[in-house]
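What follows is a set of notes on a single structure, which appears directly below.
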Amino acid sequence: MTGSDIPSSFRLAYVPGVTPTKWVRVWHERLPDTPLELVQATAADAPGLLAGHGADAGLVRLPVDRDVLAAIPLYTETTVVVIPKDHVATAAEEVSLAELADEIVLHPLDDVLDWETLPGRPAVERPATTADAIELVAAGVGVLLVPQSLARLHHRKDLTYRPVPEAPESRVALSWPQAEEAPDLVEEFIGIVRGRTVNSTRGRAATPPRPAQAKDKAKDRTKDKAKRTGAGGGAGGARSKSAAGRKPQSGGRTGGQGDKRGKPRGR
């Protein structure tokens, strides 16, 4: 990339529950001259936003259309049931789906879990959003199953949650528009989320030295070599030069005592 081809900023989309803070911090440390713009999007809208180049990359929930978007899975979230703090299920460390059979299980329209069959009893109508469903849980209408990050995002003092190991899980991925080769800044962010060091060969290539700098470095190396050779002068230097020109003698010992005593003694 030439200087004029480098984008002035990097747009990163992210969905509710995903926290990009630590990766954004590393970005600012490594690329202080390239602003990172955060673009919030719903889980449903994020793939279309990326496909339409409304963002350069995004932290999204799988699945996505792999014909349109590339994706690198990052982690899988635990699914939890959000319940009032006085609910009987709070006595357990985790809850099974069978234990929710008699509960009204809310199913918001923006649900990110892939259910084959929703557990429990259905509500009269589906809440429009997860936030609306949380309000209904607080009102004692039912319970809600969500990825743990969404339970934390919508935390309330009167609610708590417990893991549900049998429930479907949500996977979070880094995604960007399909291309033969990922753009440079996308590669930079891939390196950051994968924990590559700044000097990694998979990260941004280091700026090659200018011709003048290369010549100066070559001169410095020549000077350093000359100094090291001079420091080894005197008897040591002469001995090295003599040894280099000496031909090995057949039948004798080489090095060690042979160097100190001259010709090896015959038997």
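At a glance:
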| read-out | value |
| --- | --- |
| Evaluation of Asp110 against (1) within 18 Å of Leu153 (Cβ to Cβ); (2) assigned to a strand (DSSP E or B) (one fails), failing number | (2) |
| Selected residue (only one of Ala173, Ala131, Ala151, Ala182 is open to solvent by less than 50 Å² (accessible area, probe 1.4 Å), at pLDDT 95 or above, under 30 Å from Ala55 (Cα atoms) and out of contact with any strand residue (DSSP E or B) (no Cβ under 6 Å at 6 or more places or on another chain)) | Ala131 |
| Any hit, the stretch 106-113, residues being more than 34 Å from the chain's Cα centre (by Cα) and modelled with pLDDT of 95 or more | no |
| Test for Val64: is it hydrophobic (A, V, I, L, M, F, W, C), surrounded by 13 or more Cβ atoms within 10 Å (Cβ to Cβ) and touching a Lys or Arg at 6+ places or on another chain (Cβ under 6 Å) | no |
| Residue satisfying all of: in the stretch 155-196; in a loop (DSSP other than H, G, I, E, B) and under 11 Å from the mean Cα position of the chain (by Cα); farthest from Trp115 (Cα to Cα) among these | Arg196 |
| Selected residue [over 26 Å from Val15 (Cα atoms) and of a type in the set (A, V, I, L, M, F, W, C)] from Leu106, Leu100 | Leu100 |
| Criterion: within 30 Å of Gly191 (Cβ to Cβ) and among the polar types (S, T, N, Q) - qualifying residue of Thr117, Thr76, Thr90 | Thr76 |
| Some residue of the stretch 20-27 being exposed (fewer than 15 other Cβ atoms within 10 Å of the Cβ) and not in a helix (DSSP H, G or I) | no |
| For Pro163: the one exception among (1) at pLDDT 95 or above; (2) open to solvent by 50 Å² or more (accessible area, probe 1.4 Å); (3) of a type outside the set (Val, Ile, Thr) | (2) |
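The values are calculated or read from the model by the stated rules, or taken from the named source; none is laboratory data. Since this is a predicted model, take the numbers as computed values, not measurements. Note that we place each Cβ from the backbone using ideal geometry, even for glycine, and neighbour counts take in every protein chain shown. Protein only, heavy atoms only, side chains kept; ligands, DNA and RNA dropped before computing areas. Shrake-Rupley method; radii C 1.70, N 1.55, O 1.52, S 1.80 Å.
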